[in-house]
Amino acid sequence: MTKTISKKYLATMFILSALIIGCDSPSAKIEEAHNEVVEATEELNSAKSNFETELKYFQSESDGIMAENDRKIAALKLSTNEMKKGKKMECLNQISELESKSKTLRGKFQSSKNREDLNSFKTEFKYDVQELENAISDFSKNNIK
């Protein structure tokens, strides 16, 4: 009988030991939660930093492109000085439309500073800029000889 009791006692002690070892103490749970918060904060800060870097690069690149488009539009305006009146007015109206498109793109660009969907905005913005560049190029080919 003592063998049975000692086996039951050992089994009970083993089960209790496993439960005690397997259960985290409240302080261990707090420490684990704290570590998870620290890790999540680090990941968030890294993501913010990456976003800000990408946004600054995009803005710098876009500033250059828009400045070049403005320069081309100004050159187109100058080229109309030697045109006849009727043709000149027609060209100036078209140039005015190009300036309006450029101004609209600048407005979109300024609103990009706090966008969470930067990738989709960049795709749309680049498409719009390409269309403006094509319109400027087409205008130059068709009207400036």
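The values are calculated or read from the model by the stated rules, or taken from the named source; none is laboratory data. Keep in mind that this is a model prediction, so the values were computed, not measured. Backbone-built Cβ (ideal geometry, glycine too); neighbour counts: all protein chains shown.
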Quiz item: So which of Ser49, Ser102 is part of a helix (DSSP H, G or I), without any contact (Cβ under 8 Å) to a residue 60 or more places away in the chain and in contact with an Asp or Glu (Cβ under 8 Å, 6 or more places away or on another chain)?
Solution: Ser102
Quiz item: Do we find that Glu32 is on the phi < 0 side of the Ramachandran plot, at pLDDT below 80 and not in a helix (DSSP H, G or I) in this structure?
Solution: no
Self-check item: Only one of Leu76, Leu92 that is out of contact with any strand residue (DSSP E or B) (no Cβ under 8 Å at 6 or more places or on another chain), more than 26 Å from Tyr127 (Cβ to Cβ) and in a helix (DSSP H, G or I)
Solution: Leu92
Exercise. Please indicate, with yes or no, whether at least one residue in region 89-111 is more than 30 Å from Asn142 (Cα to Cα) and either surrounded by 10 or more Cβ atoms within 10 Å (Cβ to Cβ) or not β-branched (Val, Ile, Thr) (or both).
Key: yes
Exercise. Mind listing just one residue for me: the one in region 118-145 that is loosely packed, with under 14 Cβ neighbours inside 10 Å and under 23 Å from the mean Cα position of the chain (by Cα) and, of those, nearest to Ser100 (Cα to Cα)?
Key: Glu131
Exercise. Could you please let me know if Ser49 is modelled with pLDDT under 80, hydroxyl-bearing (Ser, Thr, Tyr) and over 30 Å from Asn142 (Cβ atoms)?
Key: no
Quiz prompt | Failed item in (1) closer than 15 Å to Asp128 by Cα; (2) surrounded by 10 or more Cβ atoms within 10 Å (Cβ to Cβ), with Lys77 passing the rest | solution = (1)
